[in-house]
């Protein structure tokens with residue numbers, strides 16, 4: 001289904017274990033829907049099985065003209081409400097949707113989801129599948145991990161990443177730098193570029 005200029009991304013909260021059902025029903029209604037699924041391998045006593053679970057339990061994303069289509073979404077079996085402040089649904093940025101799409105393509109890097117943003121230094125990813133991601137570095141023993149936080153849904157994702165691919169950023173440059181076009185000339189030190197391609 002083609003998106004028009006009035007369509008924006010929103011998140012809806014759904015009943016427990018209804019994420020896939022809601023996503024399927026929305027698509028059947030020709031509503032643009034995105035359900036971030038993380039593929040993992042589970043071990044049983046006699047076998048291993050590859051399964052896909054929602055990255056965020058209870059959340060499905062829709063791209064709609066809110067004025068015209070929000071009732072249709074709410075009437076979908078399993079949908080509880082739009083995520084937002086009071087009665088105002090929060091708009092999810094295109095950047096956040098793109099980051100979520102990239103996260104689920106790298107399931108081995110995802111460690112866990114978090115409910116709040118931890119203290120730590122703010123950094124940007126220089127290269128690799130998470131290039132231009134921004135987040136906070138957290139330490140666990142000798143290891144460092146990156147927490148990417150999505151303010152619009154108050155959820156974050158902790159990922160494993162090489163420290164050499166991170167650079168500190170100041171609070172004022174965040175949005176300006178993220179929206180800059182990727183020219184292909186990343187300006188990386190040759191050693192870091194090698195890490196990106198390995």
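Site pair residue 68 and residue 105 shows an inter-label distance of 3.0 nm when each label is modelled 7 Å from Cα along Cα→Cβ. Distance between the pseudo-spin-label points of residue 143 and residue 49 (7 Å out from Cα toward the beta carbon): 2.7 nm.
The packing ranking of peptides 76-89, 155-168, highest mean first, is 155-168, 76-89, where packing means the average number of other beta carbon atoms within 10 angstrom of each residue. Pair-distance distribution of the stretch 7-116: all C-alpha pairs, bin width 5 Å, starting at 0; shares per bin in whole percent are 2, 11, 21, 23, 19, 12, 6, 3, 2, 1, 0. Please tell me the relative contact order of the stretch 1-92 in percent, rounded to the nearest whole number, where contacts are Cα pairs under 8 Å and at least six residues apart. Averaging sequence separation for qualifying contacts and normalising by length gives 43 percent for the stretch 1-92. The overall shape of the stretch 94-180, judged from the alpha-carbon gyration tensor, is rounded, with an a/c ratio under 1.5.
Since every read-out is calculated from the coordinates, none of them should be taken as a lab result. Note that the coordinates shown come from a computational prediction; the quantities given were computed from them, not determined experimentally. A quick note on method: Cβ atoms are made from the backbone with ideal geometry, for glycine too, and the neighbour counts reach across all protein chains shown.
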